[in-house]
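Let me begin by presenting the structure, written as structure tokens, before commenting on it.
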Amino acid sequence: MIIGFWSDRAGIGGTTSNMIITGVMAAKGTDREVILVQGKYDILKLDYAFSTNMRNDILKEDFGYYNHPGIDDVLEKHMNNLYTEKDFDENLICVNQSNLSYMPGSIRNNPDLFRQKFRCVSQRFLNALKGLDKLIFIELDSGMESLNQHILNILDLVVINLGQGSKSIHGLKHQPVLMEKSLFLVGRYDSNSKYNVRNLIRRYHMNEDSVAVIPYSVKYQDSVNEGKTMEFVDRNYKCLKHDEDFSFFKEAGNASKMILKRVNTIGT
């Protein structure tokens, strides 16, 4: 099951951090294996969120430059028609011996080259994942070019990440194929804004079961930047109503439940 995380514009909805927290919470809510993949070039790499070991700082002389574990290795093997199913599993890192894993993001220093490679093999790459009995959360580059008809047909579900007050949904609503496969996630959410989720649902006549929010949390963002995401989540996700992070975890939990509910519907 392939779940794409996407935004029509870069930098508005916190797509990467949204995928991380909903993936973590989804893994806590299901027995199925949950895998996070970054199908885009980003300074905020997935491995940075789960490890304090920054791979850019430990480039070794044992041909390390040419042998990058993670998305780089998998794409390279697809480019050279050398990919086998075991290559996917061998490039995953399991988080704390749980049902959550991630594929390290690109370590290359050339974003344009990464995008070119991913576009070249994206259909092959995604089709290879299609038959796996796993929940694969994959972040795609922003913009409609990254969500063309071929990619959309392969994805089982698209989580569209919106910024609060974003008018993007007005244009997206006129794309029926995309809407049929989509859920909406409002990132960096502030319930005190007049652009709250109730007004969003009312204004665009949306199904309330297809919209969730991720409130902004300084502590969560700090934990992602410090590679301590799991420590933060494990310490706080069962926090009580009076705790500072209660709203964040309540809504993140609701977002993951929304996704799992749709996944279960697709799988029946």
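Identify all residues within region 106-131 that are exposed (fewer than 14 other Cβ atoms within 10 Å of the Cβ) and over 23 Å from Ile3 (Cα atoms); write none if there are none.
Asn109, Asn110, Asp112, Leu113
Filtering region 15-34 down to residues that are β-branched (Val, Ile, Thr) and touching a Gly at 6+ places or on another chain (Cβ under 8 Å), which residue is least open to solvent (accessible area, probe 1.4 Å)?
Val34
Could you list, in sequence order, all residues of region 120-132 that are within 18 Å of the chain's Cα centre (by Cα) and not polar (S, T, N, Q)?
Across region 120-132, the qualifying residues are Phe125, Leu126, Leu129, Lys130, Leu132.
For residues in region 250-268 being over 16 Å from Phe184 (Cβ atoms) and open to solvent by 100 Å² or more (accessible area, probe 1.4 Å), which is modelled with the lowest pLDDT?
Of everything passing the filter in region 250-268, Thr268 is modelled with the lowest pLDDT.
Let me confirm something: among Asn161, Asn148, which residue is within 30 Å of Leu75 (Cβ to Cβ) and at pLDDT 95 or above?
The match here is Asn161.
Does region 145-182 hold any residues that are touching a Leu at 6+ places or on another chain (Cβ under 7 Å) and of a type in the set (Lys, Arg), and which are they?
Result: Lys181, single match.
Could you give me the residue pairs with C-beta distances under 7 Å whose first residue belongs to region 215-240 and is under 16 Å from Asp47 (Cα atoms) and hydroxyl-bearing (Ser, Thr, Tyr), whose second residue is open to solvent by 70 Å² or more (accessible area, probe 1.4 Å) and assigned to a helix (DSSP H, G or I) wherever it lies, and which are 6+ apart or on separate chains?
Ser223/Glu231
Spot the failing condition for Ser223; the list is (1) in a loop (DSSP other than H, G, I, E, B); (2) hydroxyl-bearing (Ser, Thr, Tyr); (3) buried (at least 16 other Cβ atoms within 10 Å of the Cβ), and only one is missed.
If we test Ser223 against (1) in a loop (DSSP other than H, G, I, E, B); (2) hydroxyl-bearing (Ser, Thr, Tyr); (3) buried (at least 16 other Cβ atoms within 10 Å of the Cβ), just (1) comes out false.
Could you list, in sequence order, the residues of region 176-220 that are over 23 Å from Ser247 (Cα atoms) and either β-branched (Val, Ile, Thr) or within 22 Å of the chain's Cα centre (by Cα) (or both)?
Val177, Leu178, Met179, Glu180, Lys181, Ser182
The values are calculated or read from the model by the stated rules, or taken from the named source; none is laboratory data. Keep in mind that what you see is a predicted model, and the values were worked out from it rather than measured. Here the Cβ is made from the backbone with ideal geometry for all residues, glycine too, and neighbour counts use every protein chain on show. SASA here: full protein model, heavy atoms, side chains in, ligands and nucleic acids out. Shrake-Rupley method; radii C 1.70, N 1.55, O 1.52, S 1.80 Å.
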